[in-house]
Amino acid sequence: MRPVLPWLALLLAIGSAHAESVEVAGLEQPARIQVDKWGVPHIYAADRNDLFFVQGFNAARDRLAQIDLWRRRGLGRMSSVFGQSYVEQDRAARLFLYRGDMDAEWKAYGSGAREITERFVAGINAYIDLVERKPELLPFEFRQFSYKPEKWAAEDVVRIRSHGLTRNLLQEFERAHVACHAGLEADQVRARLAPAWVTRIPEGLDPCLPDSALDVFHLATAPARVLRKPGKADVAAADAQRMEGSNNWVIAPARSTTGRPILANDPHRSYAAPSLRYIVHLSAPGLDAIGAGEPALPGISIGHNGRIAFGLTIFSIDQEDLYVYQTNPDNPRQYRYQGKWEDFRVVKENVPLPGGRSAQVELRFTRHGPVVFEEPSKRRALAVRSAWSEPGTAPYFGSIDYMQAQTMAQFRESMARWGAPAENQVYADTEGNIGWVAGGMAPQRPNWDGLLPVPGDGRYEWRGLLDGHKLPSMFNPKQGWFASANEMNLPASFPYKEYKLGFEWADPSRARRIAEVLGKPGKVGIEDMQRLQNDLVSIPARRLLAVLKTLKPNDANAQSALRLLGSWNAESRQDSAAAALFELWWSRHLGEAFKTALLGKAGANTMGAPDTGVLLEALERPASRFGMNANARRDRVVLDSLSTAWAEMVRLQGSDPARWAWGRMQFSYFMHPMSQAVDAATRAKLDVGPLPRGGSQYTVNQSGYHPANFWQINGASFRVVIDVGGWDNSRAMNTPGQSGDPASPHYRDLAQDWAKGAYFPLLYTRKAVDAATERTIELVPARR
């Protein structure tokens, strides 16, 4: 054993009287985990080799059941514990595993990726060994369902690709559905393309695909969930993915009250208990980083390293294509490619079942990717080609590269290698620099735009991947700030017609509100950035209120509604009666009335909610969409739907609007992945909520709810505001808590503060961490 470094010996002596001590095989030198009062672990190790080992050990200590379930879902091993009913989900997941060259995979992430991951999973496995020796440490979930955690291999971390966010495949399918049943022009009501673009149906494509054609894809990308009666993938989960977004921004020293840069980030993902994100501090000679990542990955993806800070949002590169093949009528195991019949590549695998049994599944692949649907009656099959099947695209794993950068040049170089999902990264450093870098693998489609499925016969092939250095970036913008919120933010000079990165972006309302606030004269501080992350002003509501001021009511309900909304400031507060009426009208009535007026009932039924920008602009300028008697038709759509919404509000919350409140309708509820398979008493220990909520899909404090019941299914579970250089002044929040153990005080302790828009200090310096430590775990190498 190597001697203990002097600094570490001193470190271990501090507070050791109140420390737990654990012998750990595989650890080279003593290390320490200090857990602060908010559940954040601060990990101190003698070198990086031990640091990532302890990160894995700690991830298992706090989130073992969660990461074990993620691994089983991703590798297609749910059936081994939960039985035959999960075989189809396991088969679907296996279709999307990385099956390429592992040497190319590891090299794609930069130097040291494999070694870091090997040490990380060795730490996870060391904790599993500890649980074997001490069964009392086995988390609740394993005891409840009578199974044990499985050991990890480094390849498990990167081979799983279906856990990340996907882009464009669902939209391709939806556009094809509209084109089949209502015509491609009708799709302009469903989704506006940006930059301005007119697509067409690819030559040889029949856009009429069965409604079930993507069931396997949905199943493959569905979250890990244990159900009493497993079935098809949860539709609400697919809706949540469509709503996913994020905000980030960065402020230059000249605009900051601190005289230092400020970086803020609040990624929006589906809500669950435990949270998707996990905050951790990693400290060893040569690396001292703190922030959030996913607990099953080494490193962090959002935070700072004492020199630079970084935060991400989704940048909408189209990374997926749906291919439609003609199959051989004489041999269904072949498809047509370049005028010849080509064999599907067939892989047969055994899916383990309880009791030592197994079920054999057959996986089929074309030269483009996994086959997700076959229709023998029409002699066709569908397969998915995705950038995230290429080497270097394990979701978020590439952050182990950029989190170690020390300059903008190094950071940009790391992002040029970034795979998936595509990102906007904001940047700030202790020299006072700020910037933005877009990253992600971008397929080059020479003869089509990627907006619809294409025949798989060889006419529609990628021409490689765009060099990551050609993606846009910005350094020290003159305005003194930069922000992104998933909007179309390609610079005017970017050659989008040549590269065709993508044409489907989030509605720009959040970005416009952020720009409105940051663009005001004067300086801003940490508290201002916290307020902005919790901002509830709805730009669509503001625009619609201006339209309403020009209308005259056509019945008593509409008159009452106009009166209530007329005095509203467009702030979607949870105690607001006007916000309750507006959101009910918006989500259940206005969009339906609008698309029906434009497309008829049959056309309206081909799509979900209409495009927000198209709807708002049509109501503001009726002649652009409504044809003859445009103003009168617009007024009827608005007033009739508003009257209906008022009547529904009366049914839901009574006849007295003074008693109405948006928070009585919209709520947050953090569901444990196993809570639907247990009794009510156990469920109460696992799930967190309900919590009344304000906000909407279009507020900076994003609240994507399901219109059927107003359950907030995604938003900002993690938030951070970083004082770059004054690190201990940084603030963070992670809900419902840091721990994945339902018995831990840190399982749900942050939920109420999160709901109030509160934060806790993201402590970094030794002195501050020591003062806030509530638990210390000393790790010592096992005797050899």
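The values are calculated or read from the model by the stated rules, or taken from the named source; none is laboratory data. Quick caveat, the model's predicted, so the values are computed rather than measured. Counting neighbours? That spans all protein chains shown, and the Cβs are built from the backbone with ideal geometry, glycine included. Side chains are part of the model used for accessible areas, which takes the heavy atoms of the whole protein and leaves out ligands, DNA and RNA. Shrake-Rupley method; radii C 1.70, N 1.55, O 1.52, S 1.80 Å.
Summing Lys, Arg as +1 and Asp, Glu as -1, what charge do residues with Cβ under 13 Å from the Cβ of Leu750 carry, Leu750 excluded?
On the way: positive: Lys37, Arg277, Arg719, Arg731, Arg748, Lys756; negative: Asp36, Asp749, Asp753.
Local net charge: +3.
Give me the percent relative contact order of the chain, please, defined on Cα pairs under 8 angstrom at least 6 residues apart.
Numbers: 1691 pairs, mean separation 154.1, N = 784.
That works out to 20 percent.
Under 10 Å from the Cβ of Asn248, count the other residues' Cβ atoms, weight Lys and Arg +1, Asp and Glu -1, and hand me the total. Intermediate results must be reported in sequence, preceding the final value.
Working: positive: none; negative: Asp266, Glu423.
Charge balance in the 10 Å sphere: -2.
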Rounded to a whole number, what % of the accessible area of region 591-642 do carbon and sulfur atoms account for, probe 1.4 Å?
50
Of the peptides 477-489, 580-592, how do they stack up when ordered by the mean number of other Cβ atoms within 10 Å, highest first?
580-592, 477-489
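By how many nm would the segment from Gln676 to Ser624 grow when fully extended, if each residue of separation counts as 0.36 nm and the alpha-carbon distance is taken off? Please list the in-between numbers first.
Numbers: separation 52, 0.36 × 52 = 18.72 nm, distance 4.80 nm.
Full extension from Gln676 to Ser624 adds 13.9 nm.
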Can you list the lysines whose alpha carbon sits under 23 Å from that of Lys497, skipping same-chain ones fewer than 8 residues off?
Lys470
If the cut-off is 13 Å between C-alpha atoms, which aspartates and glutamates fall inside it for Lys549, apart from same-chain ones fewer than 8 positions away?
Glu620, Asp635
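Averaged per residue, what accessible area in Å² does the chain show with a 1.4 Å probe, protein chains only?
37
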Return the long-range amide H neighbours of Gly458 (sequence gap of 5 or more, or a different chain), with a cut-off of under 5 Å between placed amide H atoms.
Gln338
Under the 0.36 nm per residue contour assumption, what length would be gained going from the current alpha-carbon distance of Thr407 and Asn709 to full extension?
104.0 nm
What distance in nm separates the two pseudo spin-label positions at Arg563 and Ala492, each 7 Å out from Cα along the beta-carbon direction?
4.8
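Cβ neighbours within 10 Å, averaged per peptide: list 680-690, 29-39, 178-188, 444-454 in order, most packed at the top. If you can, show how the numbers build up before the last one.
Numbers: 680-690: 15.6, 29-39: 22.8, 178-188: 17.7, 444-454: 19.5.
Taking the mean over residues of other Cβ atoms within 10 Å, the ranking is 29-39, 444-454, 178-188, 680-690.
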Working out 0.36 nm times the residue gap between Glu375 and Trp462, then minus their Cα-Cα distance, what length gain in nm do you get to one decimal?
28.8 nm
Could you work out how far apart the two model spin labels at Glu431 and Lys151 are, taking each label as a point 7 Å from the Cα in the direction of the beta carbon, and quote it in nm?
4.7
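Suppose a student asked you for the relative contact order of region 602-694, using Cα pairs under 8 Å spaced at least 6 residues apart; what percent would you report? Write down the numbers at each step before the final one.
Numbers: 53 pairs, mean separation 17.3, N = 93.
RCO, region 602-694: 19 percent.
If packing is taken as the average number of other Cβ atoms within 10 Å across a peptide's residues, how do 299-305, 85-91 rank, most packed first? Could the numbers behind the result be given before it?
On the way: 299-305: 26.1, 85-91: 21.0.
Answer by packing, highest mean first, reads 299-305, 85-91.
So, with a 1.4 angstrom probe, what is the percent of accessible area on region 67-160 that is carbon and sulfur? Don't jump to the answer; show the numbers that get you there.
Details: 1740 of 3650 Å².
Its accessible area is 48 percent carbon and sulfur atoms.
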Please compute the modelled spin-label separation between Cys180 and Gln360, points set 7 Å along Cα→Cβ, answer in nm with one decimal.
3.3
Förster-model FRET efficiency, 56 Å R0, Glu20 and Asp206, C-beta, rounded to 0.05
0.30
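How high is the relative contact order of region 533-685, in percent, with contacts defined as C-alpha pairs under 8 Å that are six or more residues apart? Numbers along the way, then the final one.
On the way: 145 pairs, mean separation 49.0, N = 153.
Relative contact order comes out at 32 percent.
If each DSSP helix of 4+ residues adds -39,500 (n - 2.57) and the sum is divided by the residues in the chain, what number results at 222 nm, nearest 500 deg cm²/dmol?
Details: 26 runs with 251 residues, N = 784.
Calculated at 222 nm, the ellipticity per residue is -9500 deg cm²/dmol.
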For Cα extents along the principal axes in Å, the listed values are (i) 85, 70, 61; (ii) 86, 70, 56; (iii) 91, 56, 53; which was obtained by calculation from the structure presented?
(ii)
